[in-house]
Structures are given as C-alpha cells and as structure tokens.
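Have a look at the structure below before the remarks.
The values are calculated or read from the model by the stated rules, or taken from the named source; none is laboratory data. This structure is a prediction, so every number in the text was calculated from the model and none was measured. In this analysis, Cβ positions are derived from the backbone assuming ideal geometry, glycine residues included, and neighbour counts consider all displayed protein chains.
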Amino acid sequence: MPTTAPTAQALVDVTASDSTLRRFLHGLPGVDAVGLEARAAALGTRSIKTTAKAYAIDLAISMVDLTTLEGADTPGKVRALGAKAVHPDPTDRTAPTTAAVCVYPDMVAVAKEAVAGSGVKVASVATAFPAGRAALDVKLADVREAVAAGADEIDMVIDRGAFLAGGYLKVYDEITAVKEACGTSARLKVIFETGELSTYDNIRRASWLGMLAGADFIKTSTGKVAVNATPANTLLMLEAVRDFRAQTGVQVGVKPAGGIRTTKDAVKFLVLVNETAGADWLDNHWFRFGASSLLNDLLMQRQKLATGRYSGPDYVTVD
Amino acid sequence: MASAFEYAPAPESRSVVDIAPSYGLFIDGEFTDAADGKVFKTVSPSTEEVLSEVAQAGEADVDRAVRAARKAFEKWSALPGSERAKYLFRIARIIQERSRELAVLETLDNGKPIKETRDADLPLVAAHFFYYAGWADKLDHAGFGRRTTNGPSGANPAPLGVAGQIIPWNFPLLMLAWKIAPALATGNTVVLKPAETTPLSALFFADICRQAGLPRGVVNILPGYGDAGAALVAHPDVNKVAFTGSTAVGKEIARTVAGTNKKLTLELGGKGANIVFDDAPIDQAVEGIVTGIFFNQGQVCCAGSRLLVQESIHDELLDSLKRRLSTLRLGDPLDKNTDIGAINSAEQLARITALTEQGEAEGAERWSPACELPGSGYWFAPTLFTNVTQAHTIARDEIFGPVLSVLTFRTPDEAVAKANNTQYGLSAGIWTEKGSRILAVAGKLRAGVIWSNTFNKFDPTSPFGGYKESGFGREGGRHGLEAYLDV
C-alpha cells in the first residue's frame, strides 16, 4: 500500500536491498506538478508587511549560509566573508549573524578562524562538489579533510547518475558512508541537485532516500546548474520533512540554495516553511538559505524598515 | 527565534473605489429612479455596514427596460459582428484597467476575500469578454450552420432578441460576464437583474458600458428582488431567459416559461463529488479538496461539497486535510492574506447553520479548526463532517457554505455509484495518478464539469452547465453561443 505509514521497523526494512528501497520510494504518493506549482505560487501571494516583514528579514539573515564556492577563492576572500557573516551590517550591530559560511574544504581552516567565537558555523561542500563524479574513497577523503579542519557542517552531493539509473542503494550507501565520516561533530546536508533530477516525483524520492540514510538537512542544489532552488521544489521538500517527522519522529532541516537573491524571494520561502512544515522549522537549526547576494538585499531592506529610506548598494559591504 | 511568524494586517485600500450613497436603475443608457420610488440598502456582509442605497426595480421598470432593449435590438443586431466585437473588446479592456477598483468593490459587497476577487473573479470577467468578443464576427463558423434565408436583422445565424438574465450573489460580476458577453456577441440586447444582496458591481458595469460608448438600451441593469426577476421572466417581449441560482427558483421559472416560445437556460444547484483514489497525489488532492469546498466560502454551485475518499487512505487523508484547514486564515476580506471571507447574507448564514445542525442531529461527526470569528458580520468557520452516509441530509442537500461532507468508498464502481446518487449533476473531481482510471471514471459520471487532479478551475473556452436538477444549457465556450442564437 503506497500510503501506509511505515513503522520505524519498516523503515529499516526498506533499506535492506535495492529492490525493497525501490519499492518503497516508488510507493510514495505521486506529485501532481500543476497542483504543486499552483500551491507554491498561491503562497507566494502572501503579503508580509511591517512587523511581520521585520521578523522575516531578521530570521532570513540568521538563516543564510553565506557562500563562496569559486575556483578563485583566496584566504583573503574567505576571511572577508567570515567577517561579514559575524557582522553583516557594520553600521548596525543589532543585525543578527548569519547561520554559517559555506566554503570549499581547503578553506575550512581559514573560515573557522575568521568566525571563531561568534557562533557562526563553518559549512564545507565535499564529495567532489559539484558534480560528485569521483570514487567513494576520494569523496570520503574530501569529507574527512573538511571535518578534520573543523567544519561544523558538510554539504555533500549525491550521485545523480546512480539515482537516475535506479541505483538507489548505491546512493543510500554513499550517504551513510559520508554520514559516518562526519562523525558526531558535523551535521550532514545532502544536496540532490534537483535541477538534474528533473521530475518532482524524483525529488520526493530523493528526499526520502536522503532522510532514510541519515541526512540532517536536505538541500536542493549546488547553485552550479541552470535550475536551482524554486518555490515548488522547496515546498515539496518541506512536505517531505514534515511527513518524515510525522512517521519517524525525526526532524530534518531544509536548505534551498541558488537563485534566491531578493528579500521578497526569501520571505516567500519563509511563508512556505511556515504554512507547510510549520513554526518548528522557523529556526536556523532547521532551515537555511544557500546564498551570497541575498544577504545584502536583506540588509538594505532592513535599513529601509528601520529608517524609512532606501539606501544604495554602497551602504552595504560587497563582501 | 522559534516564535510564530504572525502576519501583520495587509489590507487592500478601500480608497480605490468610490461608492456613491445611492444608485438608480440603469435603463436606456441612463440611471433613473424606480417608477414607484422604492429603494433598498446593500450592506457589506463582513461588517454589516450599509454601503449604498439602490433603486428597487418593479414591474413597471421591467417593462420600461424591456422596451428599451427591444428598441436597441434592431440596430445592435444589424451591426456587423466585427463592430459588436469592438465594443466587447473595449469593455474587456476597461474591466482590466479598473480591475483593482472592481475587485475591492466586489469584496465589499459580497464578502469574499480580495485574494479571490483580484486573482480569480476579475481576470475571468475580463477573459470572458475578450473570448466572446472574438466570436462576434465568426458566428457563421461556429458550427451552427448558415441560415438559408436571412432573418429580419440580416444576421446569420440570427440572435434571439431581448434576453432577460437573472444572476446570483456568489460571483456577481463573473456571472454578469457569463450572461452578457455571449448575449452581446451574438447580437442580442439585455435586461439583467443582479441579486439583491450584491447589486453594486453590476451598476459599476453599467458605468463601464457608458464609458465604452455602448449604444443606449443594449444593456439594462435592474437591481431588485425576486418579484422583479419574476416580472422579467414573464414579460411577453422577452425572447430568452437565462438564470443562475437555486433549483427551486429555476423550477418556478421553467413553469412560467412553459408554453411560450422563450428560449431558456438554467444553471442551478449542485452537490459535487470530489473522488480521491488511494493512488492520488495526496498533497495536491488536499489542496484540491480545500479549493473545491472553501473557495468563496463554499458558496459555489459547482463546489466539491461531497468528498468521496477511498477507505484505505481515509485516516491519512483526513489527518492531512485537518492539518491544512488549521492554516486557513479567516477574517477581514480586504486583507490580502485572508483565505476565508464572510458569508454573503444573514439568510444564507441561517441556512448553513440549520443544515449543519441537522447534520449533527442525524449523527455525522462535526469538526472545525480552532478559529476565531469576527464580532460583527456573517461568519461561518470551515467545517467538515465525517461518518456521513448517502442518507444524511448534508450528503444530499446543497448547503452552499464552507461545509464538507466526507464519505468513503472501496471500489471505483462504488465511487461512481455514490457520486451519481444525487438529484444534481453539475461538477465532479477525480484524483488519481492513473490516467486510464481518470478516463474510465469520467466517462461514467453524470456531471457537466469533471475536473481531474484539480478543482474549481474555470476558463471562458470551456462550456459549463449541469445534468439533472443542476439545470440545462451550457455557458462558456462555443457551446455558450448556442443559447443566444436561433439555430
């Protein structure tokens, strides 16, 4: 029966083999694309004003994983990013810190030093980010290096090729191996690259697969492909974490990443969280934005609310 | 940090609409008082505030309006279709330009949320006029054949003459559009009576007709009560009667019209079945159930007021549905975040209340989310009933309110049998991921509109109408032309 709630024992059983896993994932309720997108669009028309907007902006700032994932990253750039994460608005110390900075593994040590003592976490992408096309040993070495350098969070990518070919157990095993490599010190975010999974049914299956394998967060995308976080795919993943907690008692976080650039967009995502997963997820322990330029727009809107005037991009720091 | 995300009030501004303290009847291009000087008040159902005082049409006014429409008919029907289209296109564009004003007005007079008037009613109103404007010069190609001899008007195929149209209060301006757009496109002239609780948007439409330069008498608007509607139906010089409203009144109209050569279309009540199979996309089905019964507070003739859910997923679906209902926001209809507005009138509220009390008395189990109702105005919390059987009144009678009756079935045959076991036949919904099941079930349902994996979606290109006591005739689409043509 596709919609019967599995007990905790049943969830152990479903990961026993490729075929049981496949049967479970393909037994999840289907997703009607038109209906899903209509619901996301409808929630996008919520009008968030005044006090609600102020609350949402500060909440969104506190949920940003301030990210730099460029081949051209340098220690100087990462230090600047760390400083910005700790004091997003140098003119207003009441602005909350961001949740984390997100960097490549070789920059973890630099980032760690830059945010030391602030409570800002250091997240590192790993597992041959962004393509994930490397041997498991290489991926695990990547993770271990980041964890050893002090990463608080690991953002791994799944093997989309294996997933699309139906090799669910391979993907599952890889996630559990990475989870093990994270040890107890680092939380694991599992990136599906939803733009490459292509269908909503696949995104729902990937979400459950990731959660079954022990993901602490499920994350939409790397930010490196054409389609990244959208309201619809994030809504779908919020439904998945909501249903997973209802069935297992385990709460999993959600991180949309890539393409969220404006305060207006961020507020729409927070409405999705509020009206889908619920208030328990309105906390940066359970919801994040993977973004770089978003933070400055949030800060400009924050200044506008406080002063009644729009400032310009020169009144927030470029990095 | 974990404090709840409270949405601050976000009211749409009332200042975009200027409601006059009084309005007249719109006859022959002029606003005039009723012959007997009668007026009535129209109130905002969310606050009970009096919005305006409106002239109340009587029999003498009906006669005057029909004569004006008859006089206008000769020239209007003789215009080339392409010329009539220009007026309709102009009206459609003015509606778009004034859509914010009209949305606020409709929300004030009707009580429905601004979200709906802004995003559903008004776009559909404009779309309807655009759509039928496009038909006006293509009637010869609408599939009704060409007449061998030209009628007195020279049009081909020919319009009927004067159309008497009576519309309900649930979608005041949209129902006006459904009636007036095809009538004018086909060359008829119109006398329209809006419902007594929602006359204002029709009167604003009268102003739009003047703004568009529509010839005098082509459209006449007569606010009033049932007596005015009865006089319009009975008027000997009316050639066509179109009515949307209750089945009881529809039957009365059919009796009046019987034995005359008036052409009649009726859009009446409904008790739509929304059928959810166990392989449905559950999250979207929940949204569709909510849209099906809580859109416009359930005051929709095609509402999905009976939920037929497959037994094997009953508990899971009901949990999801209850969780979803708990997020509905009821309150000020002008607030942009309001999902559930006010019930249109005290009378309707009393009817909903009586029927739900009967549901409880007959043994169905009632549930509503925690929900604070405003102190003034007419309000009813979203409600669902479980343990409902086909024998319960709430499974048979149209409630026309935010009340969902939940029934179960085990097999597709049983679903079809229960869905069809009603005196009505207006709408139905089918939820399953299996395409072949959609086709198989849809073919067996006796309902004029069947939605699959969606509900309450409207489009001017799609014909709409009922089976059985839900009425006859189709509005919308190419089929909608037929009701206004002598074919």
Residue tally, condition more than 12 Å from B:V403 (Cβ to Cβ) and among the β-branched types (V, I, T), over region B:341-385 = 0
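Matching residues to (1) in the same structural domain as B:L192 (by TED's automatic domain parsing); (2) in contact with a Gly (Cβ under 7 Å, 6 or more places away or on another chain); (3) surrounded by fewer than 18 Cβ atoms within 10 Å (Cβ to Cβ); (4) over 19 Å from B:V191 (Cα atoms):
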site: B:F5; (1), (2), (3), (4): no, no, no, yes
site: B:P21; (1), (2), (3), (4): yes, no, yes, yes
site: B:T32; (1), (2), (3), (4): yes, yes, yes, no
site: B:E49; (1), (2), (3), (4): yes, no, yes, yes
site: B:D63; (1), (2), (3), (4): yes, no, yes, no
site: B:A72; (1), (2), (3), (4): yes, yes, no, no
site: B:S77; (1), (2), (3), (4): yes, yes, no, no
site: B:Y87; (1), (2), (3), (4): yes, no, no, no
site: B:I91; (1), (2), (3), (4): yes, no, no, no
Yes/no for A:N233 being touching a helix residue (DSSP H, G or I) at 6+ places or on another chain (Cβ under 9 Å), modelled with pLDDT of 95 or more and buried (at least 24 other Cβ atoms within 10 Å of the Cβ) = yes
Scope region B:430-487; condition polar (S, T, N, Q), farther than 21 Å from B:P123 by Cα and part of a loop (DSSP other than H, G, I, E, B); matching residues = B:T432, B:N453
Evaluate the following for B:P382: is it free of Cβ contacts under 8 Å to residues at least 60 places away in the same chain, surrounded by 14 or more Cβ atoms within 10 Å (Cβ to Cβ) and closer than 30 Å to A:I48 by Cβ?
-> no
Can you pull out the residues in region B:318-337 that are small (G, A, S), over 24 Å from B:R351 (Cβ atoms) and part of a loop (DSSP other than H, G, I, E, B)?
-> B:S326
When you look at A:E180, is it surrounded by fewer than 24 Cβ atoms within 10 Å (Cβ to Cβ), under 17 Å from A:G214 (Cα atoms), modelled with pLDDT of 95 or more and acidic (D, E), yes or no?
-> yes
Region B:243-317: strands (runs of 3 or more DSSP E) wholly inside it with 3 or more residues that are within 14 Å of another protein chain (Cβ to nearest Cβ), out of contact with any helix residue (DSSP H, G or I) (no Cβ under 7 Å at 6 or more places or on another chain) and on the phi > 0 side of the Ramachandran plot are none
State whether the residues of region B:230-246 include one that is modelled with pLDDT of 95 or more and under 30 Å from A:D32 (Cβ atoms).
-> no
Is it the case that A:A266 is among the small types (G, A, S), within 14 Å of chain B (Cβ to nearest Cβ) and closer than 25 Å to A:K224 by Cα?
-> yes
For region A:245-263, what are the residues that are assigned to a helix (DSSP H, G or I) and within 14 Å of another protein chain (Cβ to nearest Cβ)?
-> A:R245, A:A246, A:Q247
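Table: residues versus (1) within 14 Å of chain B (Cβ to nearest Cβ); (2) more than 24 Å from the chain's Cα centre (by Cα); (3) in a helix (DSSP H, G or I); (4) touching a residue at least 24 places away in the same chain (Cβ under 8 Å).
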| site | (1), (2), (3), (4) |
| --- | --- |
| A:L25 | no, no, yes, yes |
| A:R39 | yes, no, yes, yes |
| A:I57 | yes, no, yes, yes |
| A:P90 | no, yes, no, yes |
